[in-house]
Each structure stands twice: as structure tokens, then as C-alpha cells.
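Contents: one structure, followed by commentary.
Only the coordinates and a few stated rules stand behind these numbers; no lab work does. As the structure is a prediction and not an experimental result, all values here were calculated from the model. Ideal geometry is used to build each Cβ from the backbone, glycine not excepted, and the neighbour counts take in all protein chains shown.
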Amino acid sequence: MNASKTSHPDVITCEEARTLPGLFDCRVHKTPDTVAYQQFDKSEGIWQNYTWAQTYALAKRWRKSLSTEQLAEGDRVAVLMRNCLDWVCFEQAALSLGLVVIPLYTTDTAENIAYILKDSNTKLLLVGNARLWESLASLSPPPVLSRVICLQLENTEDCRQNSIICNAKEWLSQTGEEFDVSQLSPHSLASIVYTSGTTGQPKGVMLTHFNIFWDTRATLEAIPAYQSDVFLSFLPLSHMFERTTGYYLPMMAGSCVAYARSIQELGTDLLTIRPTVLIAVPRIYELFYGKIQEQLVKKGWLANFLLHQTEIFGWQQFEKTQRRGNSSILLIILWPLLRHLVADKILSKMGGRLRVAVSGGAPLFNKIANFFISMGLPLIQGYGLTEASPVISNNRLENNMPDSVGIPLSGIEYRIGENKELLIKGPNVMKGYWNRPDETKLVIDSDGWLHTGDQVKIEGNHIYILGRIKEILVTSSGEKVPPYDMEMAICQDPLFEMAMVVGEGKPYLTALLVLNQDAWEEVASVNELNPDDLMSLQSKKVTSYILTKITQLIQGFPGHARIRSVYLTLEPWTIDNSLITPTLKLKRSAIANRFAEQILQLYAKHDLPQ
């Protein structure tokens, strides 16, 4: 990485830090007294601030305690808890000792977590509370797991009954041990991050210190962050997108990170923290958009008219700032007024001072992206894979094409391979899959190109995602359909919580739909049906109503991409019932198996129009 491209003097370079704990060490010494983290103290009922020096003091205690365990450099340690200061301190301490960190999702199933612990041969596990451990304890822990540390363990009887579990309050040293990272190699393994596993068992992605550091630095060059910035962290740190852009990046820039209490309390936390940077997956923006649309239904024609005009003139203002459009008298007069009456009120719900909002982890539906941009939100979309540490590309604030996933990071080579697949090469590409050399060779070819599995087109250096190769549906007539785009279009309506389009090898497309309970009750009432009677979901009147609504939602798609039949349910697809991954992606094969009989019924009448 070229150090001359430093965004500002506070940014730490690769040459200074070399490794991830080196980054932490440099940050502590560069700005020891600035606020590093904020988190809510339940016992006190207030938000607490922690400086870099205070964070370092806690990390040194974790390091000293870990050094007393019989762990060798390269051994795996796992962390299973929600985002918090201890998550960061534990990881930094572990990395400083040459240990390899395995981040785990608190929302994952116990069976999946047990598989990861066994596959990675994890020796030590940090869990956030007794409930998380109890779900694992009912299974046979891997033989190599020799220590379980529980951050919140009220029942000490668990410690007496199980010799490998201990209370963090008793285990954590009261004194610290200074970091010594001079002997660590930037190219040594830092973390094994397990993919979500939409099909089959998850695979462990091996990332080095340099992989992650380089990707963080390149991302920071594309989207500068500053010491004055405040990030609100709510995506799990087990997600590589959050870990790189919401943890290492603000550490590199010297920014502050506030840990949200929960997704349910996100709205309140946004108003309290008033972040300047927001890192989120599309689902968060979809939820905000859905609430706005729900409120509009209750308001009169004037509110709807003003919002529509704000979208029109807000988009013109955005195009003007991007130097793709011209000003006009109407724009000069109306935009400030509409921004004050409408846009500012909407953005105030997100804290009111966002300098940049990033969407990544999955495609963001164009209509939703354009809506927020029209309101004046500096929203940019990016793209990446865990196998690439994870950021590959992103839009820039000054060069934002919202329907694209941006320009590749500086230093990443890219080209389009067979079947329009995006191939990349760069210092951020993983070492490979843990203990899976054959699968590694399928993804990284002999010339070092990482096969992303995504179909793309590239125009003006901007990458446009066409679809996931493995998820492209091919009907019996040979028509190709990207289901994810259609599912996003459907779910923009508050009536639909989740959707999965079906049609591989079939004569037409159908859809499995999870309805919002409150919205369903309104639909049932309009159609004079009992919402508590599940048979009402299969009513011809309801089916006709739903198909009409869906036709309107997907009218921008080609004629062959039409939904001919639907199956409706009120039962959510969750991680617990193994129908979605911890990153909220559909497990298509699992859903198809669960609803196999219903899908057969959707195709029972082949005389439907093609």
C-alpha cells in the first residue's frame, strides 16, 4: 500500500503497524486519550465512554490471562458473543499472542457452532452468557476444546460441574501484560471466518493479517474516515463486512465506535448516538423504507404528494452534485424547501448527521437506494466476499452510480471470465479454505484468480451485478431469471416479510411468500376473511389479490419473469428453523425441501399461460 495516499495524518499505515494487533498498538500510542468506544451500561442505565488508553488496559488483562493457558502460536480460539468492548479486547489480545480467532454468530444454531468448533479444532471459547453455553453444552463439545470462558455466568455451579468452563470475572487477570507484536508476521494466519453455508456445511476462510489490513487500508482510501467520526456498530462482528469496515477501519482512522444495544433498539440508539457513519446490510434500509411507507398509508394525499416531489427534486439535486445533471430555477427554489419540510425529517430518524451510509453484504434494491439518496442521504453501495477480506469494490461519494456496486479498490486486478463471472486478484484474497485444498482450487485457479461466482457487467469501471451464477433460475423454456432481484422487488411492499422465487426447470415462475402479520390482517379484512383461519391464506380471492400486487411490484422485469402462482405462510423463516443463514440469506435448498409438497401443488396445473 502506498503510504503517500494517506487520507490524513491520523491514519495508520501498513508500514507502521504491519499486523492487526500492531494497528491497535499504534492507535493507542498515537491518540491514547480520545474516545475509542461507547457502549450502554445496563446496571447504570447510561452510555459509557472508553478511551484508547482504557481499552488497551483491558486488552492487556485479556492478554495476560490468555498467556497462562497452554496455547501455542497458531492455535484457534473462538468468540461467541454480541458486539462489545470485550469482543475487541479479547481478539486483540489473542492476535497479539499469535493465536487465530474464529468469530461465531450468536444467532447461529448450536449444531452449526459445534461443527465449526470441531472443524477448526478450537481450543478455547469465549461466550457472552450462560444461555449461549447451555445450548452448546447439550451437545458433546469437541475433545480439543479445553477451556470455555463465560463473560456473564451467574450460576457458579456450572463451573464446579464442568471443569472446562470458568467465570470471566474470576479468570480475567487484574493486572495486564504489555503487547509485544514485533515478532508477528503480517502473512501469518489471523482468522478463520466461516461462510454462512447457504448450501452444505460452512467453509472456513483463512485470512492473514495482511489480507485484512490491506483491504481495510484500500477501503479507507476509497471512503475516508476521520477522528471526528462516530460509527454505530450493530452488524455482528462475526460478519467480515462489519469487522473490516466497522472495527479495523475506524481503528485505522482513529474514529469512535458505539455499540448498539440491539436491532430492536436501533431507532432509539440512532437518535442518541447520532452517528456520522453507518455500515449496514440492505435489510436495515429496507426496514426503514417499509416503516416510511406504512406511515404514508395513514397520512393524507398532501404528505404523499410532498414526498413524491421531494424524490423528484432530491434526485435532480443528487445528479447535479455528481455532475451528471444541470440546475434549474425550480430546483434552486423547491429543493431547499422540500428538504426542510420532508427530507430532513426523514433523515432525523437516522440521527440527522450521517456523513456517509454504506450498504453491503447483499444487493440493495434500486428503488430503495434511490429513495434515500433523493432524501439527501449520502448512501453508497459496495460489494465483496468473505474470501476477499471482504471488500472488493464500492462507490465513491463523488462518483456514485447507485445501481452499481462501485469501482474496484485500488490495487485489485479484475476481469470477466466465462459465463460473465467476475474474477479478481489482489493482496486481500484469502489463503484458502481451512483443510479443504480441493475446494480452494475450485475457487482460486492456477493463475491466482479468485472466482467470485457472480455474473457482472462493467461500464465506466463500475461493476454491475447481474446475478449469482449458482442462483440463476433457468426455466424449462430456457429463460434465465435472477431470483434475488425479483425477491427484493416483492419485499419492498410491507405485506411481504420474505420471498423466494421458484422455477428451476419449470414451465413458469412461482413464489413462496412469508406475510407480515399486521398487513395480512388488513388484507383478510378487505377480502372479508378470518385472518386467524390459516385456510384463508389459500383463498382464491387472496391469491388473486397477491398476484395482482406482485405483478405491479415486478412490472419492470421482462415478460417471461412473471409470477404465476404463490404459496402464502405466516410462519417466519429464521435461523432457528434453519431456513436462513446468520447473515440473513435464504437457504434455498432447505426452503425448497421444507415446502416441497406445496411447490408440487403450485405446478399441478401446467395449463397456466406461459
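So for the chain: antiparallel DSSP bridges make up what percent, rounded to the nearest 5?
Working: 42 of 81 bridges.
So the antiparallel bridges amount to about 50 percent of the total.
Expressed as a fraction of 2.2 N^0.38 Å, the rule-of-thumb size for a compact globular protein of N residues, what is the C-alpha radius of gyration of the range 281-469?
That works out to 1.22 for the range 281-469.
In debye to the nearest 20, how big a dipole does the chain give about its Cα centre with +1 on each Lys and Arg Cβ and -1 on each Asp and Glu Cβ?
940
Give the share of C-alpha pairs in each 5 angstrom bin for the range 12-279, from 0 to the last occupied bin, in whole percents, shortest bins first.
Calculated P(r), rounded to whole percents: 1, 6, 13, 17, 20, 18, 14, 8, 3, 0, 0.
On a full-extension model of 0.36 nm per residue, what is the gain between Ser410 and Leu534, subtracting their alpha-carbon distance, rounded to one decimal in nm?
Length difference between fully extended and current span is 39.2 nm.
Select from Asn527, Leu568, Ile472 the residue farthest towards the positive end of the dipole of the range 472-602; place +1 on Cβ of Lys and Arg, -1 on Cβ of Asp and Glu, and compute about the Cα centre.
Ile472
What is the gain in length, in nm to one decimal, between Asp576 and Leu139 on full extension, counting 0.36 nm per residue of separation less the C-alpha to C-alpha distance?
155.7 nm
Two-decimal Rg/Rh of the range 1-127 from alpha-carbon positions, Kirkwood Rh?
Using Cα coordinates only, the ratio equals 1.01.
Given an 8 Å cut-off on Cα distances and at least 6 residues of separation, report the relative contact order of the chain as a percent.
So the answer I get is 11 percent.
Compare the Cα positions of Ile407, Ser163, Leu151 along the charge dipole of the chain (+1 at Cβ of Lys, Arg; -1 at Cβ of Asp, Glu; about the Cα centre) and return the one farthest towards the positive end.
Farthest towards the positive end: Ile407.
How much FRET efficiency would the formula 1/(1 + (r/R0)^6) give for Ser182 and Trp301, where r is the Cβ-Cβ distance and R0 is 60 Å, rounded to 0.05?
E between Ser182 and Trp301, to the nearest 0.05, is 0.30.
Give the cross-link partners of Lys587 among the lysines, using a straight C-alpha distance below 21 Å as the criterion and excluding same-chain residues fewer than 8 apart.
Within reach: Lys203, Lys470, Lys480, Lys506.
Given R₀ = 56 Å, what would the calculated FRET efficiency be for Lys480 paired with Ser328, taking r from the Cβ atoms and rounding to 0.05?
Calculated value: 0.85.
Run the reach check for Lys541 against aspartates and glutamates, Cα to Cα strictly under 12 Å, same-chain hits fewer than 8 apart removed. What comes back?
Glu528
Per 0.36 nm of contour for each residue apart, how much would the distance between Lys585 and Ile164 grow if the chain were fully extended, relative to their Cα-Cα spacing?
So the chain would gain 148.1 nm between Lys585 and Ile164.
What order, most packed first, do the peptides 207-215, 111-119, 35-43, 494-502 have when packing is the mean number of other Cβ atoms within 10 Å of each residue?
Listed from highest to lowest mean packing, they are 207-215, 494-502, 111-119, 35-43.
Could you check the simple spin-label distance between Glu294 and Leu341, using points 7 Å along Cα→Cβ, in nm with one decimal?
Roughly 2.7 nm, to one decimal.
Can you list the GluC sites (Glu not before Pro) in the range 160-256 that are in a DSSP coil and have 14 or fewer other beta carbons within 10 angstrom? Working shown, then result.
Values: sites: Glu170, Glu177, Glu178, Glu221, Glu242; in loops: Glu177, Glu178.
Passing both the DSSP loop test and the Cβ count: Glu178.
Rounded to the nearest 500 deg cm²/dmol, what is the calculated helix-only ellipticity per residue at 222 nm for the chain, with -39500 (n - 2.57) per DSSP H run of length n ≥ 4?
-10500 deg cm²/dmol, from helical runs alone.
What's the center-to-center distance, using Cα atoms, between the range 324-338 and the range 397-421 in Å?
Here the answer is 31 Å between Cα centres.
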